[in-house]
Amino acid sequence: MFSEIFPASNIIADLESEDKDELFEELVEVLVSAQPGIDRAEALAALKERENKMTTGIIPGIAVPHAIANSVKGVVGAIGVSRSGIDYDALDNKPVHVIFMLLFSPNETERHLQIMKQFAELLHHQELCNALVNAHSAEEIYDLICSCEKSM
């Protein structure tokens, strides 16, 4: 499932962003490239609205911004890795280094819940998170996600 949602083409191994707003812009651009029908402004507004309710930086070093947007078909995701870290207003007040961004169509409620549950399991593999930060390419990150998915 993760290998389908996060193809290598939707992974940035070295983010340029330094803060949350820049990060959202950078990763939404990846999602719009993957699914050109996505309304960029709608996606950004939905992500920011969700983030204003409670930070999605809930696991040390990791954030999972996610939202529902009418212009999305199914589920689309992007991964970004920042070696220096991004100021994210995370629960632990520390920068995040690995970001999994997800957008869902409104009719994907069941799948949305299933994916978020599987993310909770995936993100408890601290060795995976460390490996993602040390990966040097989108393909290497993709391979790490695929191998972890097989072991779940």
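The values are calculated or read from the model by the stated rules, or taken from the named source; none is laboratory data. Note that the coordinates shown come from a computational prediction; the quantities given were computed from them, not determined experimentally. Using ideal geometry, Cβ is built from the backbone for each residue, glycine included, and neighbour counts are taken over all protein chains shown. With ligands, DNA and RNA removed, areas are computed over all heavy atoms of the protein, side chains included. Shrake-Rupley method; radii C 1.70, N 1.55, O 1.52, S 1.80 Å.
According to the calculation over all Cα-Cα pairs in region 70-152, the P(r) per 10 Å bin from zero is 15, 44, 35, 6 %. Each part gets one Cα centre, and for region 125-152 versus region 3-82 those centres are 18 Å apart.
What is the percent carbon and sulfur in the accessible area of the chain, measuring with a 1.4 Å probe over the protein chains and ignoring ligands? Using a 1.4 Å probe with all protein chains present, the chain comes out at 50 percent carbon and sulfur. Accessible surface computed residue by residue for region 74-152, with neighbouring protein chains in place and a 1.4 Å probe, gives 50 Å² per residue. Taking one quarter of the surface of the convex hull spanned by the alpha-carbon atoms of region 25-98 gives a direction-averaged projected area of 4.7 nm². The alpha-carbon of Lys73 sits under 15 angstrom from the alpha-carbons of these aspartates and glutamates, leaving out residues fewer than 8 places away in its chain: Glu4, Asp39, Glu42, Glu108, Glu110. The charge dipole of region 25-82, taken about its Cα centre with unit charges on the Cβ of Lys, Arg, Asp and Glu (plus for the first two, minus for the last two), comes to roughly 180 debye.
Over region 1-60, accessible surface divided per residue gives 51 Å², non-protein components excluded, 1.4 Å probe. Need one value: the accessible area of Val72 in square angstrom, 1.4 angstrom probe, rounded to the nearest 10. For Val72, solvent-accessible area is about 10 Å².
Counted over region 1-112, the DSSP beta bridges are approximately 55% antiparallel. Simple rule: put +1 on each Lys or Arg Cβ and -1 on each Asp or Glu Cβ in the chain, find the dipole, and look at Ala45, Val32, Asn70; the Cα lying farthest toward the positive end is Asn70.
Of Ser9, Leu102, Ile141, which is farthest towards the positive pole of the chain's charge dipole, taken about the Cα centre with +1 and -1 on the beta-carbons of Lys, Arg and Asp, Glu respectively? Result: Leu102, furthest along the dipole toward the positive end. For region 1-107, the Cβ-based charge dipole about the Cα centre amounts to some 420 debye (Lys, Arg positive; Asp, Glu negative; other atoms uncharged).
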